[in-house]
Amino acid sequence: MAMAMAKLWMYCLLVCLGMALNNVASAQGVNPFEPDGGRRREMVPAMFIFGDSLIDNGNNNDLPSFAKANYFPYGIDFNGGPTGRFSNGYTMVDEIAELLGLPLIPAYSEASGDQVLHGVNYASAAAGILDITGRNFVGRIPFDQQIQNFQTTLDQLADNLGAIEAAEALGKCIFFVGMGSNDYLNNYLMPNFPTRNQYDGQQYADLLVQKYNQQLRTLYNLGARKFVLAGLGRMGCIPSILAQSTAGSCSEEVNQLVLPFNANVKTMMNSLNANLPGARFIYVDIAHLFEDIVANARTYGFSVVNRGCCGIGRNRGQITCLPFQTPCENRDEYVFWDAFHPTEKVNIIMARKAFNGDPSIVYPINIQQLANL
């Protein structure tokens with residue numbers, strides 16, 4: 001008798017749990033991009049991603065390019081191994097996608113059919129705001145071309161949903177944009193580019209953000225409304241730059257060089273918020289996040305803040321991570337994975353702070369608040 005009662009209670013518990021889960025799913029609505037209007041747990045229908053190697057997840061794999069990461073030990077901690085991500089594991093946008101309740105967003109080069117329904121990643125290593133940026137690496141997809149690729153995806157969505165439904169759904173999606181690093185590292189600071197002789201630091205920042213403004217307005221005109229703009233980090237402190245100093249110290253010249261860009265982006269963002277109806281732009285202060293991680297390294301569990309986990313030469317930054325090179329074993333103790341890019345652990349910390357941080361980190365609201373608008 002006792003056994004029968006126990007089974008009955010267990011059955012009732014499972015039924016109630018199933019009903020509760022169904023009620024939660026019903027309350028969370030539907031994804032307008034799903035062909036059957038299926039139930040979802042996502043905070044937003046989709047996320048569309050534009051940027052460079054910090055968030056590229058494989059768009060350069062099939063290009064004639066020197067900027068690739070589709071080989072081991074890249075992806076050593078990623079389920080599935082090397083994918084083209086310039087990390088040992090997750091990038092920042094991978095973690096943001098999970099926090100939004102989305103699956104990992106596919107690369108444009110690999111996405112087709114229903115794969116685009118949760119968003120697409122258009123980011124390309126060596127890409128910049130300026131088309132000429134990154135030409136040393138040969139193949140790359142500049143921001144202008146990334147926007148054109150998005151338009152191709154948009155045409156596919158409009159064909160499937162109808163233009164009006166697609167536009168309505170698009171207004172709820174997150175557009176993550178992280179551009180500008182290569183316009184300095186693989187343009188202005190390169191001796192074979194003319195820009196350093198043509199512009200001082202402020203003039204170059206003005207040039208970049210004038211172009212950036214036009215590009216973001218193009219995305220707005222295509223239907224984007226919720227934007228996350230990632231600022232530039234303290235690039236004078238990455239292993240590649242540190243390796244150029246015999247003392248292994250940060251280049252304050254490089255750190256100062258990018259300050260006008262970040263300042264201009266904030267000013268531009270405030271103007272876009274004021275002048276584009278329905279648009280909400282937010283700014284992630286990557287430089288502040290990096291400074292916090294370095295200043296409180298031990299609190300976060302980091303013991304190595306000034307050299308790559310995988311690389312060759314001074315600060316493991318003179319030559320970046322080579323195919324089948326043996327990386328450090330204690331990767332979670334390193335801030336940098338290679339000469340240019342942070343480890344998965346740093347990417348996850350930054351993503352979580354951008355998602356629910358205060359205005360000193362992400363301004364004027366965070367990604368979670370943006371998603372809920």
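Each reported figure results from applying straightforward, stated rules to the coordinates on display, with no laboratory input. Please read all numbers here as calculations on a predicted model, not as lab measurements. Note that we place each Cβ from the backbone using ideal geometry, even for glycine, and neighbour counts take in every protein chain shown.
Laid out as a table, the results:
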item	result
Tally of residues being more than 20 Å from the chain's Cα centre (by Cα), touching a residue at least 60 places away in the same chain (Cβ under 8 Å) and not in a helix (DSSP H, G or I) across the range 176-222	3
Test set (1) under 21 Å from the mean Cα position of the chain (by Cα); (2) surrounded by 18 or more Cβ atoms within 10 Å (Cβ to Cβ) - Lys266 fails condition number	(2)
Residue count for the range 265-277, restricted to those that are in a loop (DSSP other than H, G, I, E, B) and touching a helix residue (DSSP H, G or I) at 6+ places or on another chain (Cβ under 9 Å)	1
Where a residue in the range 351-364 is under 21 Å from Thr267 (Cα atoms) and its partner, wherever it lies, is among the acidic types (Asp, Glu) and part of a loop (DSSP other than H, G, I, E, B), with Cβ under 6 Å and at least six apart	Ile361/Asp285
Answer from Gly301, Gly308 - the residue that is under 22 Å from Ser87 (Cβ atoms) and crowded, with 17+ Cβ neighbours inside 10 Å	Gly308
Members of the range 223-264 that are outside any helix (DSSP H, G or I), over 25 Å from Gln148 (Cα atoms), among the small types (Gly, Ala, Ser) and touching a residue at least 40 places away in the same chain (Cβ under 8 Å)	Gly233, Ala243, Gly248
Residue within the range 286-294 that is more than 30 Å from Cys173 (Cβ to Cβ) and surrounded by fewer than 22 Cβ atoms within 10 Å (Cβ to Cβ) present	yes
Some residue of the range 132-147 being buried (at least 24 other Cβ atoms within 10 Å of the Cβ), over 18 Å from the mean Cα position of the chain (by Cα) and over 15 Å from Leu222 (Cβ atoms)	yes
Among the candidates Thr133, Thr153, residue that is part of a loop (DSSP other than H, G, I, E, B) and in contact (Cβ under 8 Å) with a residue 40 or more places away in the chain	Thr133
Number of the exception - Gln151 against (1) surrounded by 15 or more Cβ atoms within 10 Å (Cβ to Cβ); (2) within 17 Å of Ala123 (Cα to Cα)	(1)
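A quick yes/no check of all residues on (1) surrounded by fewer than 20 Cβ atoms within 10 Å (Cβ to Cβ); (2) among the aromatic types (Phe, Trp, Tyr); (3) within 18 Å of His341 (Cα to Cα):
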| residue | (1), (2), (3) |
| --- | --- |
| Gly84 | no, no, yes |
| Ile96 | no, no, yes |
| Gly101 | yes, no, no |
| Ala107 | no, no, no |
| Gln115 | yes, no, no |
| Gly128 | no, no, yes |
| Gln156 | yes, no, no |
